[in-house]
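One structure below.
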Amino acid sequence: NNVYFSDGLSEELLNVLVKVEGLRVASRTSTFSFKDTDTPIPEIARALNVAHVLEGSVRKSGDTVRVTAQLIDVKTDSHLWSETYDRKLEDIFVIQDEISAHIVDALKVALGASEVIATSVRPTEDLEAYENYLRGRHFWQLRGADNISKSIELFTLATEADPGFARAWSSLAAAHITMPAYSQEPVMDHYPLAQQYASRALELDPGIADAHAVLGDVSRGMDRWADAEAHYLKAIELEPKNPTGYLWYAEHLACVGRTREARDYALRSLALDPFNAGVNAVVAMTHASLGNYDEARRFMQSAIDLGHPSAFFSLMSMELTLGNFDRAGAIVE
């Protein structure tokens, strides 16, 4: 019942740490791919190409929460720092600040990381709005028509509880922009709403990169290519460690025939988010367009293994195009 809360806290901490100069932080999708597994910490670190791992747990009961967290140096298998926090639920933003500050302090000693400590900006004062936002993020990340529909309901509740909650508006826009890709619902049922909500988010907070990325997708869907380009580049400028901006810009570049650039931006997204099925699928697509068929097969297989809904179809289509009918038939089977 509380998985949305621990996921949300993890994502919020990631968003804080990614802003610290000198740190490379593995993205949400790749990090969360190890949830509910018994993969050893050193193996996770190797897969994500990181030297340190933050792990912890959340226990929530009524209006109280206990958060445990520990920072592990994988090379020495030692704890740089660990702490347990018992707090009232309304202190969740304080907990995020405390944990992130302690992590950065520990890393400063271990790595000489930046002296600047990034703290989270409290996105809303309304706890009910925040909980619905976290629940919405949980369902949206799961994808699929039913989950995205549920996320739209929850983000809407969050914006109704706090109309000034910029990130809830941005997430509501993102849910609408992704819905047609996972359902039979018409694009025009969702794109105007995505544009409206992303614009509202930017009115409240001009620094939200995801809102610009959504407006880029809206513009691309309506063949407003120059507007799309401007929004994608702004998203990348605002959050250069966010893989979504690079991914969606890569898709845009592929649409306008700038295929080598598309591959390069897709690979930048992949470096930040190697276990993202969609990123692997786009990398595969760009390689296929450039005639690098062995590389295309490799990344399409990765996308299939990671659960991408249309990667089998893409691989089959490529084999058909190349005249490899036996391979294509096996994929169909």
Residues being in a helix (DSSP H, G or I), among the hydrophobic types (A, V, I, L, M, F, W, C), in contact (Cβ under 8 Å) with a residue 24 or more places away in the chain and open to solvent by 50 Å² or more (accessible area, probe 1.4 Å) - total across segment 251-267: 1
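Go through segment 218-229 and give me each residue that's among the aliphatic types (A, V, I, L, M) and open to solvent by less than 60 Å² (accessible area, probe 1.4 Å). So that I can check it myself, show each step before the final result.
Going residue by residue through segment 218-229, those that are among the aliphatic types (A, V, I, L, M) are 218, 222, 226, 228.
Hits for segment 218-229 are Val218, Ala228.
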Test set (1) over 16 Å from the mean Cα position of the chain (by Cα); (2) open to solvent by 30 Å² or more (accessible area, probe 1.4 Å) - Ala271 fails condition number: (1)
Residue within segment 232-242 that is open to solvent by less than 60 Å² (accessible area, probe 1.4 Å), of a type outside the set (D, E, K, R) and more than 29 Å from Ser171 (Cα to Cα) present: no
Segment 203-217, residues that are buried (at least 24 other Cβ atoms within 10 Å of the Cβ) and of a type in the set (Gly, Ala, Ser): Ala211, Ala213, Gly216
Tabulated pairs, segment 17-43, first open to solvent by 40 Å² or more (accessible area, probe 1.4 Å), second small (Gly, Ala, Ser), C-beta under 6 angstrom, 6+ apart or interchain: Lys19/Ala118; Glu21/Ser114; Gly22/Ala113; Gly22/Ser114
All positions within segment 69-81 that are over 26 Å from the mean Cα position of the chain (by Cα) and either assigned to a strand (DSSP E or B) or not hydroxyl-bearing (Ser, Thr, Tyr) (or both): Lys75, Asp77, Ser78, His79, Leu80, Trp81
Residue match in segment 11-25 (condition: at negative phi, in a loop (DSSP other than H, G, I, E, B), in contact with an Asp or Glu (Cβ under 6 Å, 6 or more places away or on another chain) and of a type outside the set (D, E, K, R)): no
Counted residues, segment 197-246 - those being modelled with pLDDT under 95 and among the β-branched types (Val, Ile, Thr): 2
Cβ pairs under 9 Å, 6+ apart, first in segment 163-183 and free of Cβ contacts under 8 Å to residues at least 60 places away in the same chain and open to solvent by 20 Å² or more (accessible area, probe 1.4 Å), second of a type in the set (Lys, Arg) and not in a helix (DSSP H, G or I): Ala181/Arg143
Pairs, first over 18 Å from Asp97 (Cα atoms) in segment 73-87, second open to solvent by 40 Å² or more (accessible area, probe 1.4 Å) and among the charged types (D, E, K, R), C-beta under 9 Å, six or more apart: Val74/Arg46
Criterion violated by Ser100 - all others in (1) under 28 Å from Thr39 (Cβ atoms); (2) open to solvent by 60 Å² or more (accessible area, probe 1.4 Å); (3) in a helix (DSSP H, G or I) satisfied: (2)
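If only one of Ile148, Ile152 is open to solvent by 10 Å² or more (accessible area, probe 1.4 Å), of a type in the set (A, V, I, L, M) and touching a helix residue (DSSP H, G or I) at 6+ places or on another chain (Cβ under 7 Å), which one is it? Steps first, please.
Values: Ile148 fails: open to solvent by 10 Å² or more (accessible area, probe 1.4 Å).
Residue meeting the stated conditions: Ile152.
What are the residues in segment 274-294 that are assigned to a helix (DSSP H, G or I) and open to solvent by less than 70 Å² (accessible area, probe 1.4 Å), if any? I'd like the intermediate steps shown before the answer.
From segment 274-294, those assigned to a helix (DSSP H, G or I) are 277-289, 293-294; that's our starting set.
Ala277, Gly278, Val279, Asn280, Ala281, Val282, Val283, Ala284, Thr286, His287, Ala288, listed by residue number.
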Test: residue in segment 5-21 that is more than 29 Å from Glu237 (Cα to Cα), in contact with a strand residue (DSSP E or B) (Cβ under 9 Å, 6 or more places away or on another chain) and not polar (S, T, N, Q): yes
Output for segment 34-53, where each listed residue is under 18 Å from the mean Cα position of the chain (by Cα) and modelled with pLDDT under 90: Lys35
Single unsatisfied condition, Ser310 versus (1) modelled with pLDDT of 95 or more; (2) out of contact with any His (no Cβ under 7 Å at 6 or more places or on another chain); (3) among the hydroxyl-bearing types (Ser, Thr, Tyr): (1)
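The values are calculated or read from the model by the stated rules, or taken from the named source; none is laboratory data. Keep in mind it's a predicted model, so treat the numbers as computed, not measured. Cβ sites come from the backbone with ideal geometry, for glycine too, and all protein chains shown count toward neighbours. Note: areas computed on protein heavy atoms with side chains; ligands, DNA, RNA excluded. Shrake-Rupley method; radii C 1.70, N 1.55, O 1.52, S 1.80 Å.
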